[in-house]
Structure formats: C-alpha cells, structure tokens
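The values are calculated or read from the model by the stated rules, or taken from the named source; none is laboratory data. What you are looking at is a predicted structure, and each value in this text was computed from that prediction instead of being measured. Note that we place each Cβ from the backbone using ideal geometry, even for glycine, and neighbour counts take in every protein chain shown. To get the accessible areas, we keep the full protein, side chains included, count just its heavy atoms, and leave off ligands, DNA and RNA. Shrake-Rupley method; radii C 1.70, N 1.55, O 1.52, S 1.80 Å.
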Amino acid sequence: MTRADVLVVGAGLGGLAFAQDAARAGLRVALLDKARGVSGRAATRRVTLPDGPEVRVDHGARFFTARSDRARTLAEGGVRDGWNAVWTRGVARWQAGQVTLPDDGHPRYAPPAGMSALGRTLARGLDVSTGVTVTSLERLDAAQGGGWRVHSREGQSWEAPTLILNVPAPQLLALLGTLDPGSPDPVPAVLRGHDSGEAARQAAQVTYDPCWAAGVILRQDVPADWRALRPDHPALEWIAREHTKRPDGAPPALTLHATPAWTRANLERTPEQVLPDLLAAAQDILGPLDVAQTFAHRWRYSIPAVTAPGPCHWDADLNLGWCGDWFTPDPHGPRVESALLSGWALARRLVGA
C-alpha cells in the first residue's frame, strides 16, 4: 500500500501544475497516470527513421500561449533556460487555394524538444508513477483512517487523505461511478449533500470535440513560407510544419488535425483506415507529398466544446477536487494554458496560498 498526503490521478498539465504547488507547500504528492509519460494531450511522438534520425511530432496540443502573468513567467523562463521557444506569432489561413499570412504578434510557444517537454519540466522533483490505470475509487471510513483509496488495473492501491482527479470529464464521471456501483443516479451517494455532488452534475454537461491526428514524415519539405496553416477544408483544420519547431536540420514533417465533424464521422475507424483519407486531404491543400512514414492517433477528448464553470472544483469537506482544461479559468477558452490555470487555482484552494 502506497501512502501520500495527496493523490493525483492524471499527470496531465493541470495535475502537474497542481502537484508542483502542493509539493512546494510541503505536502507529499503522488501522481498516477496510465500513459508511459507525463503531459497528457501535450504529447510528442518520436519516430526513428530507417537511416537513423529521430523525428518528433506534436500530435496533440499544437503549441501553448501565455496570456496570464504566471504562464508568461513559465514560458519566458523556459526560453531563457533553453527548453522553450517562441515558435510563431501568427497562423496562416488557406481558402480555395489561397494562403494568407497574418501576423498578430501574439507568441505561440513550442519547446524545441516537443510539447511533452512542458510536462516534463513541471514534473521535475515530483513522485510520478506512469503505466498505472486507475479503475476504481474508495472512500475510507473513520475506522480506516478516513480519506481515499484508489485501485489500479495492475493490482496496486494507493491511499491519501486528499484525492485530486485530473482527467477528462467523462472519465471523471466513470471513476466517481465506482463509488456507488449499480446506482442509477450519476452522482454517488457519498457525494450527495456536498459541493462535489453539484460539481459532478456540472461535469456531466461537459462535451468534447474529438480529433483524428496524423504525423507525416517527409523526404522533402513542402514549398511554403508558413509554419502553421488553418485550412478551410471539410476534412482538415490544422497543418503544422513540425520541423520548424526543431533545431535546424531536423527532417521535414507535418502534423495534420482533422475537423471535429470529419472525426466524428470516422471516429471508430482504425488508424490504417483514416490515414489515406487524411493524406489525400493534405494533398488537396499542399499538392503532392513525398511521404516517408506516417502514423495516426485518435483523441476522443480533444478540445472541450462545453466547459464547466469556474477554474476548478474543491470540496474541503470531502478533501476531493478536480481540475483540467474543461474548466473555465479565464475568458480565452480551452487550451494548454487553461489546464495550467486550473491546476494552479486548485492548489491555491487546497493550501490557502
């Protein structure tokens, strides 16, 4: 049995931002995540080519912004320390074969080593266990010392007085449902009469746009003077020249993101089935591509379309909280920065600083 002061399920950016502040306040924090690494949807796929070079493709979060003071401090500190960089200050648009190159001056940051570097930076010094799939939660009674116990598919369990959930809203509801299995009420009995009951009902209203993403490693770069492109196209809404994020000499590569409508229509197809269609759409826009290698990844919970109110949820009576980019910590909409703001806000509520 592993014990901590605070258990965090989900080592995405919100959970890491929370954990960093909670640990700084002196709490023992343990984070659990089902993936092989941290950072959640701020994910970077590494592809090794047959002749040796490694290609890094940000197939999840595309970049991050820093509108708040604290996010700006993190981003600019990363630029000074060398793990972060300003990637672009504008995103081009494509419509009916025409490209326009706006420059709004607002920096979009992208770490040269890949977006996952943001999560790895936040995870420094933290106790993170990866490859752990949490399957159920348990509320401990006073005789058991109170607090929370979580169980994993791998047969492990963890206990802590405080439990924080940093997962997409549907996954949060599924985990909460294990507290009251078989109940027709989506709110478990243990949460009723507490702030968490209403917060769970709000979580049930959250919806997501899904996204099929593809990484395309090229033998030859496309002729372009843009770094990122927003196409007006029925299948694709985003194309990025990934190598423009990397040090000079990186092999050319593209990230393709399908539109929500196209993704929904093709959600249950396999990567092998969707790749030819995504490549065909990219060639509609860019012309012929000299493709060396490809992959596709489906994000069921990509961008929150309907968010929960407020920056996070904290229930001091139950020592239970949750955070993530599906909250509304500021008026700028769901993005990487909103996950950070949500995690930081939750830490403030817990430690009172």
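Among Ala296, Ala280, Pro223, whose Cα sits farthest toward the positive end of the charge dipole of the range 205-353 (+1 at Cβ of Lys/Arg, -1 at Cβ of Asp/Glu, about the Cα centre)?
The listed residue farthest towards the positive side: Ala296.
Please compute the Kirkwood hydrodynamic radius over the range 3-52, one decimal place, Å, based on all pairs of different Cα atoms. Mind dumping the intermediate values first?
Details: mean 1/r = 0.0811 Å⁻¹.
Result for the range 3-52, one decimal place: 12.3 Å.
Starting from one equal scatterer on each C-alpha and no solvent at all, send me the Debye-based log10 I(q)/I(0) for the range 36-173 at q = 0.11, 0.12 Å⁻¹, two decimals.
-0.63, -0.72
Helix 69-81 versus the longest principal axis of the chain: what is the Cα-based angle in degrees, 0 to 90, to the nearest 10?
Taking Cα atoms only, the helix is inclined about 60 degrees.
With axes computed from alpha carbons, what is the tilt in degrees of helix 13-24 against the longest principal axis of the chain, rounded to the nearest 10 within 0 to 90?
The answer is roughly 50 degrees.
Extension gain Arg72-Arg36, at 0.36 nm per residue separation less the Cα-Cα distance, in nm? Please report the intermediate quantities before stating the final value.
Working: separation 36, 0.36 × 36 = 12.96 nm, distance 2.83 nm.
Residue separation times 0.36 nm, minus the Cα-Cα distance, leaves 10.1 nm.
Can you list the residues, at least 5 places off or on another chain, whose amide H is less than 5 Å from the amide H of Thr178, using H built in the peptide plane?
Under 5 Å from the amide H of Thr178: Leu137.
Let me see the P(r) profile for the range 230-353: every Cα-Cα distance counted, bins of 10 Å, each bin given as a percent of all pairs.
Histogram of Cα-Cα distances, whole percents per bin: 11, 30, 27, 20, 10, 2.
Could you give each residue of the range 56-63 its phi-based ³J(HN,Hα) in whole Hz, using Karplus coefficients 6.51, -1.76, 1.60 with θ = phi - 60°, and x for Gly or Pro?
10, 10, 7, 9, x, 4, 7, 6
Report the rotationally averaged projected area of the chain based on its alpha-carbon convex hull, in square nanometres.
Values: hull surface 75.0 nm².
Computed as one quarter of the Cα hull surface, the answer is 18.8 nm².
Please compute the net charge surrounding Ala261, taking Lys and Arg as +1 and Asp and Glu as -1 over other residues with Cβ under 14 Å from its Cβ. Let's see the in-between values first.
Working: positive: Arg264; negative: Asp209, Asp232, Glu237, Asp277.
Charge balance near Ala261 sits at -3.
Please work out the Cα convex hull volume for the range 121-174 and give it in Å³ per residue.
Working: hull volume 5.8 nm³, N = 54.
Dividing the Cα hull volume of the range 121-174 by its residue count gives 108 Å³.
Provide the per-residue ³J(HN,Hα) series for the range 203-217, in order, calculated from phi with Karplus coefficients 6.51, -1.76, 1.60 and θ = phi - 60°, each as a whole number of Hz, with x at glycine and proline positions.
Ordered by residue, 3J(HN,Hα) equals 4, 5, 8, 6, 10, 10, 8, x, 8, 7, 10, 9, x, 10, 8 Hz.
Which length gain, in nm to one decimal place, applies between Asp284 and Asp248 when the Cα-Cα distance is subtracted from 0.36 nm times their residue separation? It would help to have the intermediate numbers written out before the result.
Details: separation 36, 0.36 × 36 = 12.96 nm, distance 2.79 nm.
Additional length available on full extension: 10.2 nm.
Could you work out how far apart the two model spin labels at Gln293 and Val86 are, taking each label as a point 7 Å from the Cα in the direction of the beta carbon, and quote it in nm?
3.3
Take the chain, connect every pair of alpha-carbon atoms lying under 10 Å apart with a spring to form a Gaussian network, then pick out the residue of Gly131, Gly15, Gly321 with the largest mean-square fluctuation.
Of Gly131, Gly15, Gly321, the most mobile in the Gaussian network model is Gly131.
Positive end of the dipole of the range 40-88, charges at C-beta (+1 Lys, Arg; -1 Asp, Glu), about the Cα centre: which of Ala85, Ala61, Leu49 has its Cα farthest in that direction?
The residue sitting most towards the positive pole is Ala61.
Mind putting a number on the dipole of the chain about its Cα centre? Charges go on the C-beta only, +1 for Lys and Arg and -1 for Asp and Glu, and I need it in Debye to the nearest 20. The partial results should precede the final answer.
On the way: 37 positive and 37 negative charges, 92 e Å.
Magnitude of the dipole: close to 440 debye.
Check which residues have an amide H placed less than 5 Å from Leu218's amide H, if you skip close sequence neighbours.
Answer set, sorted by chain and number: Ala253, Leu254, Ala292.
Calculate the spin-label point distance for Thr207 paired with Thr100, positioning each point 7 Å from the Cα along the beta-carbon direction, and give it in nanometres.
Roughly 2.9 nm, to one decimal.
For Asp221 and Val306, what is the calculated FRET efficiency with R₀ set at 45 Å and r taken between the beta-carbons, to the nearest 0.05?
Details: r = 39 Å, r/R0 = 0.86.
About 0.70, to the nearest 0.05.
Normalized C-alpha radius of gyration of the range 44-113, against 2.2 N^0.38 Å? Walk me through the numbers on the way to the answer.
Values: Rg = 15.1 Å, N = 70, 2.2 N^0.38 = 11.1 Å.
The value comes to 1.37.
Can you tell which of Pro260, Pro329, Thr121 lies farthest toward the positive end of the dipole of the chain, using +1 and -1 charges on the Cβ of basic and acidic side chains (Lys, Arg; Asp, Glu)?
The residue sitting most towards the positive pole is Thr121.
For the residue pair Ser157 and Gln144, what label-to-label distance in nm results when each label sits 7 Å from Cα along the Cα-to-beta-carbon direction?
Reported label-point gap for Ser157 and Gln144 is 0.6 nm.
Per residue, how much accessible area does the range 40-152 show when a 1.4 Å probe rolls over the protein heavy atoms, in square angstrom?
Details: 5310 Å² over 113 residues.
I get 47 Å² per residue for the range 40-152.
Evaluate 2.2 N^0.38 Å with N set to the residue count of the range 100-259, then give the Cα radius of gyration divided by it.
On the way: Rg = 22.1 Å, N = 160, 2.2 N^0.38 = 15.1 Å.
Compared with the compact-globule rule of thumb, the range 100-259 sits at 1.46.
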